[in-house]
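The values are calculated or read from the model by the stated rules, or taken from the named source; none is laboratory data. Predicted model, so just to flag it, every value in this text is computed and none were measured. Positions of Cβ are generated from backbone atoms using ideal geometry, with glycine treated the same way; all protein chains shown enter the neighbour counts. Calculation scope for accessible area: heavy atoms of the full protein, side chains included, ligands and nucleic acids excluded. Shrake-Rupley method; radii C 1.70, N 1.55, O 1.52, S 1.80 Å.
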Amino acid sequence: MDGNFGLADVGIYKIYNPNNPRQFQWSGGIQAIGSYGKSGKVFLSDAYVAAKINIFEVLTGQKRMVSGLMDTTMTSGSLSMAGNARPFPRLQIAIPKYFPLFFTNNFVAFKFSYSDGYLGSTSINYGSVSQIPNSYFHHKSLYIRLGSKADRYKIFLGVNHQAVWGGEAETTPLRKLKPSTAYLYTVIGKTVDYRKIGNHFGTVDIGGEWKGKDWSYFLYRQNIYETGSLFRIINYSDGLNGLSVKRLTPLPKGSSYFAFQSFLLEVLGTHNQINKNPLSGLNIFRTGNYYNSYLFNRGWAYYGSGIGTPLIPNAGNTRDDLPRSKSEFTNNNRLWAFHTGITATWMNLKLAFKGTYSRNSGSFVSSFDSVKQQASVILSVEKNVRIMKGGAVFTSISSDFGDLYENSTGLMLGFRKSGFLD
């Protein structure tokens, strides 16, 4: 956003040894990111330690994570927790990999996660105080796989639930909610005085995978729910739909001809945001305001950057002449977006392309006077080099053009080195 800059991203990790038969192992990592443009910035992205006991893992610290069914390599971003969001400190217990149930002959497998994180102080839009010193992020998920690991066909089902909460004793002192009680009500989604405790968001996911001889196909859907709508009526109109195709058979060693490696097509809709009964057509509950909060000014964000899909931007990143409200994190959460990704190899080069086209209508509070069209593209080329074992040089050119963001074009040149420390 500030023009020319230099960027350094350095990390070191201890990973689990998959060939180690011990029931207890530990892992950890630290990653520092520094940039220098008009000013210098340095922060820790990953900084965590974790222990694996049989199938369970306990993690403390901050580590990048995603939640939801998607193609994690090329996606436009998961709706509830996306991979480019800045990590925040948390404590988590999980079964991170699908664990097959022996009494189903390994046909049914599941994984889950449960964590609580710390977001820091938060400004309040409406309440007895204008700011609270502490706010928190609660997360839990459960996913089920139907089909053994070796089967060609698999079905995936799952749900994730997240909530930003905190400061109930300060914002609504008449309720006299202790922090422990407010936490319990957040976890179970209890309603107090016709309102949920915390700002809730999540998805109900379904996906199917088929592995052929040379290619695999993965079809998925993330369906949005907000406060109050999960156990009654879900907003069926909004969600993320995706189709991912990936090559399974490697190319012959030394081959240099052009070959596609993967394709992705996603369609994201968040334009409706109204819970309706699909049989009667009646509107029930209130209209949504995805990624914003009537209470917390931060909305669905950490350090000003969205925790969910990056296609829902911070209002400060959109054009200055677009409507916005000081009470909202984003001024554009009603949109239709079409996203594609392609990877290929040619002449020992790794090629990648991503493109997104969106039609944006603002929010119900900050409605645009007309649909704002936006397109964003990026083309990347990478080649391994002999300078350092595991080293590669890369370049990317990207561009934004349309009515939502200021038009811009960027060029990045870089060197990457990764590998094991012997």
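Worth a mention:
- Condition check for GLY77: under 16 Å from the mean Cα position of the chain (by Cα) and surrounded by fewer than 18 Cβ atoms within 10 Å (Cβ to Cβ): no
- Test: residue in the range 204-223 that is assigned to a strand (DSSP E or B), modelled with pLDDT of 85 or more and more than 30 Å from GLY147 (Cα to Cα): no
- Annotation: SER45 fulfils all but one of (1) surrounded by 16 or more Cβ atoms within 10 Å (Cβ to Cβ); (2) touching a Ser or Thr at 6+ places or on another chain (Cβ under 9 Å); (3) modelled with pLDDT under 95; the unmet one is (2).
Matching residues to (1) hydroxyl-bearing (Ser, Thr, Tyr); (2) surrounded by fewer than 18 Cβ atoms within 10 Å (Cβ to Cβ); (3) in contact (Cβ under 8 Å) with a residue 24 or more places away in the chain:
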residue	(1), (2), (3)
ARG152	no, yes, yes
GLN162	no, no, yes
ALA169	no, yes, no
GLY189	no, yes, yes
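- Selection within the range 329-370 - assigned to a strand (DSSP E or B), of a type outside the set (Gly, Ala, Ser) and open to solvent by 60 Å² or more (accessible area, probe 1.4 Å): TRP336, PHE338, TRP346, LYS350, PHE353, LYS354, TYR357, ARG359, ASP369
- Filtered by the rule that a residue be within 14 Å of VAL371 (Cβ to Cβ) and basic (Lys, Arg), the range 323-342 gives a lone residue, ARG334.
- Top-ranked residue in the range 171-186 [being among the charged types (D, E, K, R) and either under 23 Å from GLY308 (Cα atoms) or assigned to a loop (DSSP other than H, G, I, E, B) (or both); ranked as least open to solvent (accessible area, probe 1.4 Å)]: LYS178
- The one condition in (1) under 28 Å from GLY414 (Cβ atoms); (2) at pLDDT 95 or above; (3) open to solvent by less than 70 Å² (accessible area, probe 1.4 Å) that LEU379 fails to fulfil: (3)
- Odd one out for GLY419 among (1) touching a strand residue (DSSP E or B) at 6+ places or on another chain (Cβ under 9 Å); (2) farther than 30 Å from SER255 by Cβ; (3) assigned to a loop (DSSP other than H, G, I, E, B): (2)
- Test: residue in the range 72-84 that is without any contact (Cβ under 8 Å) to a residue 60 or more places away in the chain, out of contact with any helix residue (DSSP H, G or I) (no Cβ under 9 Å at 6 or more places or on another chain) and within 30 Å of ASP320 (Cα to Cα): yes
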